[in-house]
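The structure appears right after this line, and notes come after that.
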Amino acid sequence: MTNDMNLDIFSDIESDVRGYIRSFPVVFERAIGSIMTDQQGTEYIDFFAGAGALNYGHNNPIMKSRLIDYISDDSISHSLDMATAAKKRFLEAFQSIILEPRNLDYKLHFTGPTGTNAVEAALKIARLSTGRSTVVAFTRAFHGVSAGSLAVTANQHFRQAAGITLDDAVFVPYDGYFPGLDSLAYLEKLLDDPSSGLDKPAAVIVETIQAEGGINVASFEWLRGLRELTTRHGIVLIVDDIQVGSGRTGEFFSFESSGIVPDIVTLSKSLSGYGLPMSLVLLKRDLDVLKTGSHSGTFRGNNMAFVCATVALEEYWADDALTRDVHRKEGLVRERLAAIAAANPAAQLEVRGRGFIFGFASTAMPDLAKSVAAEAFSRGLVVETSGPVDEVLKLLPALVIDDTTLNRGLDIIAASVEAVLARA
(Lines give C-alpha, C1' and ligand atoms only; values in the text may rest on other atoms or scores of the structure.)
Protein backbone atom coordinates (compact mmCIF):
# COMPACT_ATOMS: atom_id res chain seq x y z
CA MET A 1 0.00 0.00 0.00
CA THR A 2 1.26 3.47 -0.89
CA ASN A 3 2.11 5.73 2.01
CA ASP A 4 0.24 8.91 1.14
CA MET A 5 2.47 10.97 3.43
CA ASN A 6 5.74 9.71 1.93
CA LEU A 7 7.67 12.67 0.54
CA ASP A 8 10.34 10.69 -1.32
CA ILE A 9 8.97 11.57 -4.76
CA PHE A 10 9.54 15.25 -4.00
CA SER A 11 13.15 14.79 -2.87
CA ASP A 12 13.91 12.33 -5.68
CA ILE A 13 12.53 14.32 -8.61
CA GLU A 14 11.91 17.91 -7.57
CA SER A 15 14.79 20.37 -7.60
CA ASP A 16 16.58 21.19 -4.37
CA VAL A 17 15.39 24.78 -4.83
CA ARG A 18 12.06 23.79 -3.22
CA GLY A 19 11.56 25.65 0.03
CA TYR A 20 8.24 25.60 1.88
CA ILE A 21 7.97 21.81 1.79
CA ARG A 22 10.97 21.74 4.10
CA SER A 23 9.11 23.82 6.69
CA PHE A 24 5.79 22.05 6.25
CA PRO A 25 6.74 18.41 5.48
CA VAL A 26 3.32 16.85 4.89
CA VAL A 27 1.22 16.18 1.79
CA PHE A 28 -1.65 18.66 1.84
CA GLU A 29 -4.83 17.57 0.09
CA ARG A 30 -7.76 19.85 0.88
CA ALA A 31 -8.37 23.35 2.21
CA ILE A 32 -11.42 25.39 3.11
CA GLY A 33 -11.27 28.92 4.48
CA SER A 34 -8.37 29.01 6.93
CA ILE A 35 -8.10 25.25 7.49
CA MET A 36 -5.75 23.02 5.50
CA THR A 37 -5.95 19.23 5.70
CA ASP A 38 -3.22 16.72 4.88
CA GLN A 39 -3.70 13.26 3.40
CA GLN A 40 -3.83 11.73 6.88
CA GLY A 41 -6.78 13.94 7.79
CA THR A 42 -4.79 16.19 10.13
CA GLU A 43 -6.01 19.77 10.13
CA TYR A 44 -3.82 22.87 10.23
CA ILE A 45 -4.82 26.48 10.81
CA ASP A 46 -3.36 28.60 8.02
CA PHE A 47 -1.53 31.80 9.02
CA PHE A 48 0.40 31.73 5.73
CA ALA A 49 -2.36 32.28 3.16
CA GLY A 50 -0.23 31.29 0.19
CA ALA A 51 2.39 33.92 1.08
CA GLY A 52 -0.38 36.50 0.86
CA ALA A 53 -2.10 35.11 -2.25
CA LEU A 54 -5.20 33.89 -0.39
CA ASN A 55 -6.56 36.96 1.41
CA TYR A 56 -10.10 35.60 1.06
CA GLY A 57 -9.24 32.09 2.24
CA HIS A 58 -8.91 28.75 0.49
CA ASN A 59 -11.67 27.84 -1.96
CA ASN A 60 -13.73 30.91 -1.19
CA PRO A 61 -17.27 29.61 -1.82
CA ILE A 62 -18.56 32.63 -3.75
CA MET A 63 -15.58 32.66 -6.08
CA LYS A 64 -15.61 28.89 -6.46
CA SER A 65 -19.25 28.88 -7.51
CA ARG A 66 -18.71 31.64 -10.06
CA LEU A 67 -15.60 29.93 -11.40
CA ILE A 68 -17.35 26.56 -11.80
CA ASP A 69 -20.19 28.21 -13.68
CA TYR A 70 -17.72 30.01 -15.92
CA ILE A 71 -15.86 26.82 -16.80
CA SER A 72 -19.10 24.86 -17.26
CA ASP A 73 -20.26 27.39 -19.86
CA ASP A 74 -17.18 26.72 -22.03
CA SER A 75 -16.12 30.32 -21.50
CA ILE A 76 -12.71 31.61 -22.60
CA SER A 77 -9.85 30.45 -20.39
CA HIS A 78 -6.79 31.72 -22.28
CA SER A 79 -6.75 34.87 -24.38
CA LEU A 80 -3.36 36.63 -24.21
CA ASP A 81 -4.45 40.30 -24.39
CA MET A 82 -7.48 39.83 -26.62
CA ALA A 83 -10.77 41.28 -25.45
CA THR A 84 -12.99 38.86 -23.54
CA ALA A 85 -16.19 39.23 -21.57
CA ALA A 86 -14.42 38.25 -18.33
CA LYS A 87 -11.68 40.82 -18.82
CA LYS A 88 -14.23 43.51 -19.70
CA ARG A 89 -16.17 42.85 -16.49
CA PHE A 90 -12.97 43.01 -14.45
CA LEU A 91 -11.93 46.31 -16.02
CA GLU A 92 -15.37 47.80 -15.38
CA ALA A 93 -15.40 46.61 -11.78
CA PHE A 94 -11.86 47.81 -11.07
CA GLN A 95 -12.64 51.22 -12.48
CA SER A 96 -15.96 51.69 -10.67
CA ILE A 97 -15.11 50.01 -7.34
CA ILE A 98 -11.41 50.76 -6.88
CA LEU A 99 -10.19 53.65 -9.03
CA GLU A 100 -13.09 56.10 -9.22
CA PRO A 101 -13.96 56.19 -5.48
CA ARG A 102 -10.29 56.90 -4.74
CA ASN A 103 -9.95 59.54 -7.49
CA LEU A 104 -7.19 57.51 -9.14
CA ASP A 105 -6.65 57.84 -12.87
CA TYR A 106 -4.46 54.89 -13.77
CA LYS A 107 -4.20 52.85 -16.92
CA LEU A 108 -3.93 49.08 -16.45
CA HIS A 109 -1.14 46.99 -17.91
CA PHE A 110 -1.71 43.22 -17.70
CA THR A 111 1.66 41.47 -17.48
CA GLY A 112 2.68 37.85 -17.22
CA PRO A 113 1.05 36.33 -14.14
CA THR A 114 3.89 36.64 -11.60
CA GLY A 115 4.65 39.52 -9.31
CA THR A 116 8.23 39.76 -10.52
CA ASN A 117 6.93 40.20 -14.09
CA ALA A 118 4.86 43.19 -12.94
CA VAL A 119 7.94 44.71 -11.33
CA GLU A 120 9.97 44.14 -14.50
CA ALA A 121 7.33 46.00 -16.49
CA ALA A 122 7.21 48.85 -13.99
CA LEU A 123 10.98 49.30 -14.17
CA LYS A 124 10.89 49.28 -17.98
CA ILE A 125 8.16 51.92 -18.00
CA ALA A 126 10.07 54.16 -15.59
CA ARG A 127 13.31 53.86 -17.53
CA LEU A 128 11.76 54.36 -20.94
CA SER A 129 9.66 57.33 -19.85
CA THR A 130 12.59 59.16 -18.22
CA GLY A 131 15.45 58.07 -20.46
CA ARG A 132 17.42 57.19 -17.32
CA SER A 133 18.50 53.78 -16.01
CA THR A 134 19.35 53.98 -12.30
CA VAL A 135 16.71 52.86 -9.80
CA VAL A 136 16.82 53.61 -6.07
CA ALA A 137 15.67 50.77 -3.83
CA PHE A 138 15.85 50.26 -0.08
CA THR A 139 17.70 48.11 2.40
CA ARG A 140 15.89 44.80 3.05
CA ALA A 141 13.68 45.25 0.00
CA PHE A 142 12.23 42.28 -1.88
CA HIS A 143 10.79 42.78 -5.35
CA GLY A 144 11.18 39.42 -7.10
CA VAL A 145 13.73 36.98 -8.49
CA SER A 146 14.00 37.75 -12.22
CA ALA A 147 16.98 39.85 -13.28
CA GLY A 148 15.49 43.35 -13.19
CA SER A 149 13.48 42.91 -10.02
CA LEU A 150 16.32 41.01 -8.38
CA ALA A 151 18.61 43.97 -8.99
CA VAL A 152 16.39 46.05 -6.67
CA THR A 153 16.08 43.23 -4.11
CA ALA A 154 18.49 43.57 -1.21
CA ASN A 155 18.61 40.03 0.23
CA GLN A 156 21.94 38.32 -0.48
CA HIS A 157 20.36 34.86 -0.48
CA PHE A 158 18.35 35.75 -3.57
CA ARG A 159 20.94 38.02 -5.20
CA GLN A 160 23.67 35.39 -5.12
CA ALA A 161 21.48 33.02 -7.15
CA ALA A 162 21.38 35.43 -10.10
CA GLY A 163 24.53 34.22 -11.79
CA ILE A 164 25.01 37.64 -13.39
CA THR A 165 26.00 41.14 -12.35
CA LEU A 166 22.98 43.05 -11.05
CA ASP A 167 23.36 46.62 -12.23
CA ASP A 168 21.64 50.01 -12.24
CA ALA A 169 20.34 49.85 -8.66
CA VAL A 170 21.40 51.93 -5.66
CA PHE A 171 20.25 51.03 -2.15
CA VAL A 172 19.53 53.59 0.56
CA PRO A 173 18.31 53.03 4.13
CA TYR A 174 14.62 52.26 4.60
CA ASP A 175 12.62 54.14 7.21
CA GLY A 176 14.01 53.19 10.64
CA TYR A 177 16.81 51.03 9.26
CA PHE A 178 19.50 53.16 10.87
CA PRO A 179 18.24 54.68 14.17
CA GLY A 180 18.64 58.42 14.19
CA LEU A 181 19.28 58.71 10.45
CA ASP A 182 16.91 60.75 8.33
CA SER A 183 17.08 58.51 5.27
CA LEU A 184 15.13 60.94 3.10
CA ALA A 185 17.53 63.76 3.92
CA TYR A 186 20.35 61.37 3.07
CA LEU A 187 18.77 60.54 -0.30
CA GLU A 188 18.12 64.21 -1.01
CA LYS A 189 21.76 65.03 -0.30
CA LEU A 190 22.86 62.36 -2.79
CA LEU A 191 20.50 63.76 -5.42
CA ASP A 192 21.60 67.34 -4.90
CA ASP A 193 25.34 66.66 -4.86
CA PRO A 194 26.78 66.22 -8.39
CA SER A 195 29.74 64.41 -6.81
CA SER A 196 27.73 61.95 -4.72
CA GLY A 197 28.14 59.18 -7.28
CA LEU A 198 24.38 58.71 -7.66
CA ASP A 199 23.20 59.35 -11.19
CA LYS A 200 19.74 60.87 -11.28
CA PRO A 201 17.46 57.84 -11.05
CA ALA A 202 14.59 56.90 -13.29
CA ALA A 203 12.60 55.61 -10.32
CA VAL A 204 12.41 54.91 -6.65
CA ILE A 205 10.74 51.58 -5.83
CA VAL A 206 9.37 50.98 -2.34
CA GLU A 207 7.22 48.65 -0.27
CA THR A 208 5.13 50.49 2.31
CA ILE A 209 5.63 47.43 4.53
CA GLN A 210 8.61 45.21 3.82
CA ALA A 211 7.07 41.78 4.19
CA GLU A 212 9.95 39.48 3.24
CA GLY A 213 12.38 41.98 4.75
CA GLY A 214 11.04 41.39 8.27
CA ILE A 215 7.71 43.27 8.55
CA ASN A 216 9.34 46.68 8.52
CA VAL A 217 6.63 49.36 8.47
CA ALA A 218 7.26 52.75 6.88
CA SER A 219 5.61 55.67 8.65
CA PHE A 220 3.02 57.70 6.79
CA GLU A 221 5.19 60.79 7.33
CA TRP A 222 8.15 59.06 5.67
CA LEU A 223 6.03 57.91 2.72
CA ARG A 224 4.66 61.42 2.22
CA GLY A 225 8.21 62.78 2.36
CA LEU A 226 9.33 60.25 -0.24
CA ARG A 227 6.46 61.20 -2.52
CA GLU A 228 7.32 64.90 -2.20
CA LEU A 229 11.00 64.26 -2.84
CA THR A 230 10.44 62.15 -5.96
CA THR A 231 7.94 64.65 -7.35
CA ARG A 232 10.33 67.56 -6.84
CA HIS A 233 13.18 65.73 -8.57
CA GLY A 234 11.11 64.34 -11.43
CA ILE A 235 11.61 60.72 -10.36
CA VAL A 236 8.99 58.04 -10.93
CA LEU A 237 7.68 56.61 -7.64
CA ILE A 238 6.81 52.90 -7.84
CA VAL A 239 4.94 51.28 -4.95
CA ASP A 240 5.28 47.52 -4.91
CA ASP A 241 1.92 46.46 -3.45
CA ILE A 242 2.17 42.83 -4.47
CA GLN A 243 2.10 41.34 -0.98
CA VAL A 244 0.62 44.11 1.17
CA GLY A 245 -1.96 45.41 -1.30
CA SER A 246 -5.38 43.91 -2.15
CA GLY A 247 -6.61 44.63 1.37
CA ARG A 248 -3.77 43.28 3.49
CA THR A 249 -3.51 46.55 5.44
CA GLY A 250 -7.29 47.00 5.64
CA GLU A 251 -7.61 49.44 2.77
CA PHE A 252 -7.35 48.03 -0.76
CA PHE A 253 -4.01 49.75 -1.39
CA SER A 254 -1.42 49.83 1.37
CA PHE A 255 -0.53 53.45 0.59
CA GLU A 256 -4.08 54.83 0.93
CA SER A 257 -3.84 55.80 4.59
CA SER A 258 -0.68 57.81 3.96
CA GLY A 259 -2.46 59.97 1.39
CA ILE A 260 0.15 59.52 -1.34
CA VAL A 261 -0.52 58.70 -4.99
CA PRO A 262 2.30 56.70 -6.61
CA ASP A 263 3.13 57.04 -10.29
CA ILE A 264 3.14 53.26 -10.72
CA VAL A 265 1.68 50.47 -8.58
CA THR A 266 2.36 46.76 -8.96
CA LEU A 267 -0.26 44.20 -7.87
CA SER A 268 -0.37 40.40 -7.88
CA LYS A 269 -0.84 37.66 -5.22
CA SER A 270 -4.38 38.23 -3.85
CA LEU A 271 -5.50 40.37 -6.77
CA SER A 272 -7.15 37.32 -8.37
CA GLY A 273 -8.92 36.51 -5.11
CA TYR A 274 -8.60 32.74 -5.51
CA GLY A 275 -4.88 32.13 -5.71
CA LEU A 276 -4.95 32.03 -9.50
CA PRO A 277 -1.94 33.64 -11.25
CA MET A 278 -2.57 37.26 -12.19
CA SER A 279 -0.50 40.43 -12.13
CA LEU A 280 -1.20 44.03 -12.95
CA VAL A 281 0.66 47.32 -13.29
CA LEU A 282 -1.21 50.56 -12.65
CA LEU A 283 0.42 53.57 -14.27
CA LYS A 284 -0.35 57.23 -14.71
CA ARG A 285 -1.49 58.01 -18.24
CA ASP A 286 1.59 59.98 -19.21
CA LEU A 287 3.70 56.91 -18.40
CA ASP A 288 1.94 54.68 -20.91
CA VAL A 289 5.01 54.63 -23.16
CA LEU A 290 5.67 50.96 -23.97
CA LYS A 291 5.15 50.17 -27.63
CA THR A 292 2.52 47.63 -28.65
CA GLY A 293 3.61 44.14 -27.59
CA SER A 294 6.95 45.29 -26.17
CA HIS A 295 6.21 43.70 -22.78
CA SER A 296 4.10 40.68 -23.57
CA GLY A 297 3.45 37.28 -22.07
CA THR A 298 1.58 34.16 -23.14
CA PHE A 299 -0.37 33.90 -19.89
CA ARG A 300 -1.33 37.54 -19.32
CA GLY A 301 -4.91 36.65 -20.24
CA ASN A 302 -5.90 34.29 -17.41
CA ASN A 303 -9.66 34.70 -17.66
CA MET A 304 -10.40 32.42 -14.73
CA ALA A 305 -8.35 34.80 -12.59
CA PHE A 306 -10.31 37.74 -14.03
CA VAL A 307 -13.58 36.05 -13.00
CA CYS A 308 -12.50 35.52 -9.40
CA ALA A 309 -10.87 38.96 -9.17
CA THR A 310 -14.15 40.54 -10.23
CA VAL A 311 -16.02 38.58 -7.56
CA ALA A 312 -13.49 39.75 -4.96
CA LEU A 313 -14.06 43.37 -5.93
CA GLU A 314 -17.85 43.11 -6.00
CA GLU A 315 -18.21 41.08 -2.81
CA TYR A 316 -15.55 42.66 -0.59
CA TRP A 317 -14.73 46.15 -1.87
CA ALA A 318 -18.06 47.72 -2.86
CA ASP A 319 -18.30 49.03 0.72
CA ASP A 320 -15.99 49.39 3.72
CA ALA A 321 -17.22 46.37 5.72
CA LEU A 322 -14.09 44.28 5.13
CA THR A 323 -11.81 47.23 5.86
CA ARG A 324 -13.53 47.84 9.20
CA ASP A 325 -13.37 44.14 10.10
CA VAL A 326 -9.68 43.88 9.23
CA HIS A 327 -8.88 46.82 11.48
CA ARG A 328 -10.97 45.29 14.28
CA LYS A 329 -9.02 42.04 14.03
CA GLU A 330 -5.78 44.02 13.74
CA GLY A 331 -6.43 45.28 17.26
CA LEU A 332 -7.14 41.76 18.48
CA VAL A 333 -3.90 40.36 17.07
CA ARG A 334 -1.80 43.27 18.31
CA GLU A 335 -3.23 42.84 21.82
CA ARG A 336 -2.63 39.08 21.85
CA LEU A 337 0.96 39.38 20.59
CA ALA A 338 1.70 42.13 23.11
CA ALA A 339 0.42 39.85 25.87
CA ILE A 340 2.70 37.02 24.69
CA ALA A 341 5.65 39.42 24.68
CA ALA A 342 4.82 40.66 28.17
CA ALA A 343 4.53 37.09 29.48
CA ASN A 344 8.01 36.21 28.15
CA PRO A 345 10.22 39.24 28.92
CA ALA A 346 13.50 37.32 28.62
CA ALA A 347 12.90 36.83 24.90
CA GLN A 348 12.60 40.60 24.32
CA LEU A 349 9.83 40.05 21.78
CA GLU A 350 8.98 42.91 19.44
CA VAL A 351 5.59 43.23 17.73
CA ARG A 352 5.66 44.67 14.21
CA GLY A 353 2.97 45.23 11.63
CA ARG A 354 0.00 47.13 10.32
CA GLY A 355 -3.40 45.98 9.20
CA PHE A 356 -3.37 42.18 8.97
CA ILE A 357 0.33 41.54 8.48
CA PHE A 358 2.29 41.06 11.68
CA GLY A 359 5.82 40.16 12.69
CA PHE A 360 7.00 38.80 16.00
CA ALA A 361 10.76 39.12 16.52
CA SER A 362 13.10 38.41 19.42
CA THR A 363 15.93 40.88 19.77
CA ALA A 364 17.61 38.55 22.27
CA MET A 365 17.24 35.21 20.42
CA PRO A 366 17.55 35.51 16.61
CA ASP A 367 16.74 31.80 16.08
CA LEU A 368 13.56 31.92 18.15
CA ALA A 369 11.22 32.59 15.21
CA LYS A 370 12.36 29.52 13.28
CA SER A 371 11.99 27.32 16.35
CA VAL A 372 8.55 28.74 17.14
CA ALA A 373 7.37 28.21 13.55
CA ALA A 374 8.47 24.56 13.67
CA GLU A 375 6.84 24.04 17.06
CA ALA A 376 3.65 25.71 15.88
CA PHE A 377 3.47 23.41 12.85
CA SER A 378 3.74 20.38 15.12
CA ARG A 379 0.75 21.79 17.00
CA GLY A 380 -1.33 22.41 13.86
CA LEU A 381 -0.47 25.93 12.66
CA VAL A 382 1.11 26.89 9.35
CA VAL A 383 3.13 30.07 9.86
CA GLU A 384 6.32 31.23 8.14
CA THR A 385 9.32 33.39 8.98
CA SER A 386 10.87 36.39 7.24
CA GLY A 387 13.73 38.83 7.66
CA PRO A 388 17.40 38.68 6.62
CA VAL A 389 18.07 35.55 8.73
CA ASP A 390 14.46 34.37 9.22
CA GLU A 391 14.41 36.04 12.60
CA VAL A 392 10.81 37.27 12.36
CA LEU A 393 7.70 35.13 12.78
CA LYS A 394 5.42 36.34 9.99
CA LEU A 395 1.65 36.24 10.47
CA LEU A 396 -0.52 36.42 7.32
CA PRO A 397 -3.97 35.08 8.20
CA ALA A 398 -6.72 35.34 5.59
CA LEU A 399 -8.54 38.67 5.87
CA VAL A 400 -11.84 36.81 6.29
CA ILE A 401 -10.68 34.42 9.03
CA ASP A 402 -13.26 34.06 11.81
CA ASP A 403 -12.40 35.15 15.34
CA THR A 404 -12.52 31.63 16.78
CA THR A 405 -9.98 30.25 14.30
CA LEU A 406 -7.84 33.37 14.63
CA ASN A 407 -7.70 33.02 18.41
CA ARG A 408 -6.95 29.29 18.16
CA GLY A 409 -3.97 30.11 15.97
CA LEU A 410 -2.77 32.78 18.38
CA ASP A 411 -3.16 30.28 21.25
CA ILE A 412 -0.83 27.93 19.37
CA ILE A 413 1.73 30.71 18.92
CA ALA A 414 1.58 31.51 22.64
CA ALA A 415 2.03 27.84 23.58
CA SER A 416 4.82 27.42 21.03
CA VAL A 417 6.78 30.41 22.35
CA GLU A 418 6.52 29.04 25.89
CA ALA A 419 7.53 25.54 24.79
CA VAL A 420 10.58 26.75 22.85
CA LEU A 421 11.71 29.04 25.65
CA ALA A 422 11.30 26.23 28.18
CA ARG A 423 13.78 24.14 26.18
CA ALA A 424 16.23 26.99 25.68
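Assigning unit charges at the beta carbon (Lys, Arg +1; Asp, Glu -1) and nothing else, what dipole magnitude in debye, to the nearest 20, does the chain show about its Cα centre?
Values: 38 positive and 53 negative charges, 115 e Å.
Taking the Cα centre of the chain as origin, the dipole is about 560 debye.
Magnitude of the charge dipole for the stretch 262-397, about its Cα centre and with charges confined to Cβ atoms of Lys, Arg (+1) and Asp, Glu (-1), is about 80 debye. The length gained by stretching the chain between Asp367 and Asn103 to full extension, at 0.36 nm per residue less their Cα-Cα distance, is 90.5 nm. Here's the picture: charge each Lys and Arg Cβ at +1 and each Asp and Glu Cβ at -1 in the stretch 145-299, and of Ser219, Tyr274, Ser195 the one pushed furthest to the positive end of that dipole is Tyr274.
Using a Förster radius of 45 Å, what is the FRET efficiency between Asn407 and Asp16 based on their Cβ-Cβ separation? Nearest 0.05, please.
Between Asn407 and Asp16 the formula returns 0.75.
Quick one: grab the alpha carbon gyration tensor of the stretch 249-301, order the square roots of its eigenvalues as a ≥ b ≥ c, and give me rounded if a/c is under 1.5, else prolate or oblate depending on whether a/b is larger than b/c. In terms of gyration-tensor shape, oblate. Distance distribution P(r), the stretch 312-405, all Cα-Cα pairs, bin width 10 angstrom from 0: 15, 43, 29, 11, 2 percent. Dividing the mean sequence gap of close Cα pairs (under 8 Å, 6+ apart) by how many residues the stretch 62-219 holds gives a relative contact order of 21 percent.
Taking every pair of alpha-carbon atoms in the stretch 258-370, give the share separated by more than 25 Å as a whole percent.
On the way: 3119 of 6328 pairs.
Counting every Cα pair in the stretch 258-370, those more than 25 Å apart make up 49 percent.
What helices does the chain have that are whole DSSP H segments, at least 27 Å long along their own axis by Cα, and with mean Kyte-Doolittle hydropathy of -1.0 or more? Taking the DSSP H segments of the chain (at least 27 Å long, mean hydropathy at least -1.0), we get 321-343, 403-423.
Packing here is the average count of other Cβ atoms within 10 Å per residue, and on that basis the peptides 355-364, 304-313, 199-208, highest first, run 304-313, 199-208, 355-364.
Accessible surface area normalised per residue over the chain is 44 Å², counting heavy atoms of protein chains with a 1.4 Å rolling probe. Sequence-distant contacts, meaning Cα pairs under 8 Å at least 6 residues apart, place the relative contact order of the chain at 22 percent.
With a ≥ b ≥ c the root eigenvalues of the C-alpha gyration tensor of the chain, is it rounded (a/c under 1.5), prolate (a/b larger than b/c) or oblate? Verdict is oblate for the chain.
Take every Cα pair under 8 Å whose residues are at least 6 apart in sequence, average their separation, divide by the length of the stretch 1-128, and the relative contact order is 12 percent. Mean-square fluctuations from a GNM of the chain, with a 10 angstrom spring cutoff on Cα atoms, peak among Arg224, Arg30, Arg232 at Arg232. In a simple Cβ point-charge model (Lys, Arg +1; Asp, Glu -1; nothing else charged), the stretch 272-345 has a dipole of about 260 debye relative to its Cα centre. Accessible surface for Lys64 stands near 80 Å², nearest 10, in the context of the full protein assembly shown (1.4 Å probe).
Quick one: pull the percent of accessible area on the stretch 295-375 belonging to carbon and sulfur, 1.4 Å probe, ligands and nucleic acids left out. Write out the running numbers ahead of the final one.
Values: 1770 of 3280 Å².
Roughly 54 percent of what the probe reaches on the stretch 295-375 is carbon or sulfur.
Whole-Hz Karplus values for the stretch 233-249 come out as 9, x, 10, 6, 9, 9, 9, 7, 10, 5, 9, 9, x, 6, x, 4, 9 Hz, taken residue by residue from phi with 6.51 cos²θ - 1.76 cosθ + 1.60 and θ = phi - 60°; glycine and proline positions read x.
If Lys and Arg each add +1 and Asp and Glu each add -1, what is the summed charge of the other residues whose beta carbon sits under 12 Å from the beta carbon of Val392?
On the way: positive: Arg140, Arg352, Lys370, Lys394; negative: Glu212, Glu350, Asp367, Glu384, Asp390, Glu391.
Cβ neighbours under 12 Å give a net charge of -2.
Helical runs (DSSP H, four residues minimum) scored at -39500 (n - 2.57) apiece and divided by the length of the chain put the mean residue ellipticity at 222 nm at -11000 deg cm²/dmol.
Bridgeable lysines around Lys64 (alpha carbons under 23 Å apart, same-chain partners fewer than 8 residues away excluded): Lys87, Lys88, Lys269. Potential lengthening of the chain between Asp81 and Val289 amounts to 73.2 nm, from the contour at 0.36 nm per residue minus the alpha-carbon distance.
The values are calculated or read from the model by the stated rules, or taken from the named source; none is laboratory data. It should be emphasised that the depicted structure is a prediction, and the values quoted were computed from it without experimental measurement. All Cβ positions, even for glycine, are placed from backbone atoms using ideal geometry, and neighbour counts span all protein chains on display. Only protein heavy atoms, including side chains, enter the accessible area calculation; ligands, DNA and RNA are left aside. Shrake-Rupley method; radii C 1.70, N 1.55, O 1.52, S 1.80 Å.
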